[in-house]
Amino acid sequence: MKPKENTKVSETELAKSKAALSAGKKSTGSKKTATAEKKEEKQLKIDASGTLLAPHVTEKAMRESERGAYTFLVRTDATKPQIGRAVEKTYGVHVMAVRVVNVAGKKVTLGRFRGKQQNWRKAVVSLKKGETIEF
C-alpha cells in the first residue's frame, strides 16, 4: 500500500528535523513551537501594558523606599515574574525580589444598601543596592 501524498514527508523536512533533534532543539516546523511563541509574545504584551497600575504612595511605602523596596498597585492576575519584568522595563532598574499581597476589599454600607469594594493586589519590589526609582 502506498502512503497518501499529504502524509509524505519531504527529504529536506526530514533532514531539518533530524538536525534540530541532534542539536537538542524541537523541530522548527512543529505546531507546538508556533503556539508557544504566540503564548510568549502575548505574555510580553501583558507585561509591557498594564501590569503596573500605579505606585502605591503611603507613609509606610515611603519609609520602605528609603531601603530600596518600592510598592505598586498591580493587576489582580499579575504574577511575580511579570511584575519584576514590568518594573525593570518601565524604570530601567534591576529587581532582586518581588513580594505580593492580595488585599480584600472593605465591606461598605450606603444607606440601607450593603456592598463591597473591589479586591486589589499590591506588590513590594526590592531593587539592587544603590538603585532608586523617582515618582
Check: Inside segment 81-135, can you point out the residues that are over 20 Å from V57 (Cα atoms) and in contact with a Lys or Arg (Cβ under 9 Å, 6 or more places away or on another chain)?
Finding: Q82, H94, M96, K107, V108, R114, G115, K116
Next item on the list: State all residues of segment 61-72 that are outside any helix (DSSP H, G or I) and surrounded by 15 or more Cβ atoms within 10 Å (Cβ to Cβ); if no residue qualifies, say none.
Entry: G68, A69, Y70, T71, F72
Margin query: Checking the conditions here, which among V108, V101, V125 is surrounded by 13 or more Cβ atoms within 10 Å (Cβ to Cβ) and not polar (S, T, N, Q)?
Written below: V125
Next item on the list: Determine whether A123 is of a type outside the set (F, W, Y) and touching a Phe, Trp or Tyr at 6+ places or on another chain (Cβ under 6 Å).
Entry: yes
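Each value in this text was obtained by applying a stated rule to the coordinates, not by laboratory testing. Worth saying up front: this structure is predicted, and the values here are computed from it rather than measured. Neighbour counts are summed over all protein chains in view; Cβ atoms, including those assigned to glycine, are modelled from backbone coordinates with ideal geometry.
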